[in-house]
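Only one structure is covered here, and it is reproduced in the block below.
The values are calculated or read from the model by the stated rules, or taken from the named source; none is laboratory data. Treat the numbers as computed from the prediction; the structure is a model and nothing was measured. Positions of Cβ are generated from backbone atoms using ideal geometry, with glycine treated the same way; all protein chains shown enter the neighbour counts. Note: accessible area is taken over every heavy atom of the protein model, side chains too, but ligands, DNA and RNA are not part of it. Shrake-Rupley method; radii C 1.70, N 1.55, O 1.52, S 1.80 Å.
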Amino acid sequence: MKNERGGWGSKVAFIFAAAGSAVGLGNIWRFPYQTGMNGGAAFVFVYLIAVFLIGLVVFLAEVSMGRMTKKNPVGAFKQIKPKGPWFLVGILGVFTAVMILSYYGVIAGWTLGYAVKSIRGDFSHKLTEEFVQNMFVHFSSNIGLNLILFSLFILITVLVVSLGIKGGIEKLTKILMPMLFIILIYLSIRAVLFEGASKGLAFYLKPDFTKINSRVILFAITQAFFSLSLGMGTIMTYGSYISDEDYLPSSALWVVSLDTFVAIIAGLVIFPTLFTIPGMSPQQGPALVFIVLPVVFSKIPGGAIFGFLFFLLLVIAALTSTISLLEVPVAYLIDEKKWKRKKAAIAVGVLSFIFGVPSILANVKGNFFSNLPIFKKDFLSIMDLLWGNISLLLGGFLITIFVGYVWGADKAIKEITKNGKKFKLAGLWKIFIKYFVPVVLFVILLTYVF
Ligand code: PFF
């Protein structure tokens with residue numbers, strides 16, 4: 001049983017693995033397009049507050065619950081509160097993981113496709129707004145190609161998770177993360193130096209506070225949850241493999257800061273470039289980075305190689321996130337249903353693949369899934385709304401209530417301060433987990449409903 005679960009190999013391993021889960025498409029694909037659609041710098045400002053006042057607090061709650069119980073999310077709730085319906089929060093997390101994996105894998109497939117495009121030289125000449133737009137539409141509506149890329153991605157994820165937590169994730173992230181940092185920083189310097197970049201910089205970094213409204217706050221908080229992999233038990237599951245020696249607050253701060261740093265730098269690549277392209281608007285939605293990044297690579301020396309490298313690193317960043325998504329249901333099936341790791345990984349992988357196919361069809365104009373009746377939106381957007389937004393916030397809200405009141409903030413603090421560790425901000429954290437965070441999340445959830 002112990003062997004099927006596995007554990008982290010060293011102290012820093014959790015930080016690497018959790019950062020691997022957090023850093024992914026959420027930072028480089030989702031954060032820029034959310035910023036573009038929600039007023040630029042004003043959104044970034046609210047986002048930073050959301051990350052540190054809400055994200056960090058929930059992060060610590062999830063990690064401590066995971067480490068104390070050494071269980072998957074369902075088992076963790078059951079262990080602390082054996083009676084009553086609380087384990088359903090864990091079940092919601094398991095479902096959410098499968099659903100997010102299904103559409104996240106489709107977009108991860110796009111990054112794989114764009115890596116190949118880059119090395120083929122598709123971005124090597126001068127690119128116009130119309131050209132990059134058409135290229136993206138053409139690419140994303142190619143069903144056969146997307147099915148191949150998507151299934152490849154799920155397959156690799158299943159393979160790594162089958163090997164167990166130790167073998168896969170640690171090694172991958174240790175190499176990936178520094179490389180991704182270096183190339184992102186390099187690209188951002190190039191982008192900031194493009195002629196006409198200052199307009200983009202102002203849009204991204206000079207907040208117009210009048211633009212902050214309930215919509216901006218809503219999307220900023222949601223983005224924080226998505227980006228930090230919170231609200232569905234991923235961080236709880238990863239926390240369950242942490243040793244009792246680790247100091248949780250500093251691990252949490254490391255992961256949250258690394259994740260935020262990557263997102264901010266990604267924006268520094270996208271926005272300065274975007275405003276140098278005639279006719280381009282920041283309000284592109286999910287296609288944004290796939291339209292702007294090719295332009296970055298067309299403008300710099302050695303762009304084809306850089307483009308290939310960048311998209312490849314993004315593929316690996318996405319992979320360490322999909323691994324963490326798959327790990328949640330797999331840990332559940334191993335712990336609670338006594339399945340073998342390999343069988344669990346394959347079964348959930350197949351399920352995610354099936355749910356992912358409509359998200360591919362959603363990009364084909366005229367297809368049923370591209371404009372669903374009643375919702376009047378495409379399937380992929382609906383999946384992201386239901387699972388990537390509402391479910392994470394709902395899960396996050398219930399986790400704060402559970403940790404704050406059912407398990408009890410003091411018991412959580414006891415776990416955090418185990419082995420004589422000090423937690424100076426314990427009092428503040430207690431107030432946040434019991435009052436501030438649940439109230440904010442509750443209000444935000446209401447705005448989704450009404
Ligand atoms: N945090 C990941 C990203 O930013 O790409 C996405 C994600 C992974 C969300 C795991 C939720 C999760 F549980």
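Before moving on, here are some points about what is shown:
- For the range 343-378, the set of residues classified as in contact (Cβ under 8 Å) with a residue 40 or more places away in the chain, under 30 Å from Ala220 (Cβ atoms) and either hydrophobic (A, V, I, L, M, F, W, C) or touching a strand residue (DSSP E or B) at 6+ places or on another chain (Cβ under 6 Å) (or both) consists of Phe355, Ile360, listed by residue number.
- Yes/no for Val350 being in a helix (DSSP H, G or I), closer than 15 Å to Ala97 by Cβ and open to solvent by 10 Å² or more (accessible area, probe 1.4 Å): yes
- Qualifying residue in the range 134-150 (condition: surrounded by 21 or more Cβ atoms within 10 Å (Cβ to Cβ), touching a helix residue (DSSP H, G or I) at 6+ places or on another chain (Cβ under 8 Å), modelled with pLDDT of 95 or more and of a type in the set (Ser, Thr, Tyr)): yes
- Annotation note: Cβ proximity below 7 Å between a residue of the range 53-80 that is closer than 19 Å to Leu333 by Cα and a residue that is outside any helix (DSSP H, G or I) and charged (D, E, K, R) (sequence gap 6+ or interchain) occurs for Gln79/Lys71.
- 1 or more residues modelled with pLDDT under 95 and farther than 20 Å from Ala41 by Cβ: qualifying helices (runs of 4 or more DSSP H) within the range 203-313: 234-239, 248-274, 288-299
- Residues of the range 419-434 classified as in a helix (DSSP H, G or I) and without any contact (Cβ under 8 Å) to a residue 12 or more places away in the chain, total: 4
- Across the range 294-342, the number of residues qualifying as within 16 Å of the ligand (Cβ to nearest atom) and free of Cβ contacts under 8 Å to residues at least 12 places away in the same chain comes to 0.
- Residue under evaluation Ala409, criteria (1) in contact (Cβ under 8 Å) with a residue 60 or more places away in the chain; (2) surrounded by 15 or more Cβ atoms within 10 Å (Cβ to Cβ), criterion not met: (1)
- Residue in the range 308-328 that is open to solvent by 20 Å² or more (accessible area, probe 1.4 Å) and more than 24 Å from the chain's Cα centre (by Cα) present: no
- Filter result for Ile399 (buried (at least 20 other Cβ atoms within 10 Å of the Cβ), part of a helix (DSSP H, G or I) and within 16 Å of the ligand (Cβ to nearest atom)): yes
- Filter result for Tyr247 (among the aromatic types (Phe, Trp, Tyr), over 28 Å from Tyr448 (Cα atoms) and within 14 Å of the ligand (Cβ to nearest atom)): no
- Selection count, the range 270-292, where residues are within 16 Å of the ligand (Cβ to nearest atom) and open to solvent by less than 10 Å² (accessible area, probe 1.4 Å): 4
Quick grid of which residues meet (1) within 23 Å of Val330 (Cβ to Cβ); (2) assigned to a helix (DSSP H, G or I):
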{"site": "Ile91", "(1), (2)": "yes, yes"}
{"site": "Val94", "(1), (2)": "yes, yes"}
{"site": "Ala97", "(1), (2)": "yes, yes"}
{"site": "Ser102", "(1), (2)": "yes, yes"}
{"site": "Val106", "(1), (2)": "yes, yes"}
{"site": "Gly109", "(1), (2)": "yes, yes"}
{"site": "Val116", "(1), (2)": "no, yes"}
{"site": "Gly121", "(1), (2)": "no, no"}
{"site": "Ser124", "(1), (2)": "no, no"}
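- Test for Leu187: is it touching a helix residue (DSSP H, G or I) at 6+ places or on another chain (Cβ under 7 Å), in a helix (DSSP H, G or I) and open to solvent by less than 70 Å² (accessible area, probe 1.4 Å): yes
Yes/no matrix, rows are residues, columns are (1) surrounded by fewer than 24 Cβ atoms within 10 Å (Cβ to Cβ); (2) at positive phi; (3) touching a strand residue (DSSP E or B) at 6+ places or on another chain (Cβ under 7 Å):
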residue: Ile175; (1), (2), (3): yes, no, no
residue: Gly196; (1), (2), (3): yes, yes, no
residue: Thr234; (1), (2), (3): no, no, no
residue: Ser243; (1), (2), (3): yes, no, no
residue: Asp259; (1), (2), (3): no, no, no
residue: Ala263; (1), (2), (3): no, no, no
residue: Leu268; (1), (2), (3): yes, no, no
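- Extreme residue, farthest from the chain's Cα centre (by Cα), among residues of the range 99-109 that are open to solvent by less than 10 Å² (accessible area, probe 1.4 Å) and of a type in the set (A, V, I, L, M, F, W, C): Val106
- Single condition Gly7 does not satisfy, out of (1) in a helix (DSSP H, G or I); (2) at pLDDT below 95; (3) surrounded by fewer than 24 Cβ atoms within 10 Å (Cβ to Cβ); (4) touching a Ser or Thr at 6+ places or on another chain (Cβ under 8 Å): (1)
- Some residue of the range 41-54 being over 30 Å from Asn213 (Cα atoms), part of a helix (DSSP H, G or I), within 16 Å of the ligand (Cβ to nearest atom) and open to solvent by less than 10 Å² (accessible area, probe 1.4 Å): no
- In the range 10-33, of all residues being open to solvent by 10 Å² or more (accessible area, probe 1.4 Å) and in a helix (DSSP H, G or I), the one that is nearest to the ligand (Cβ to nearest atom) corresponds to Tyr33.
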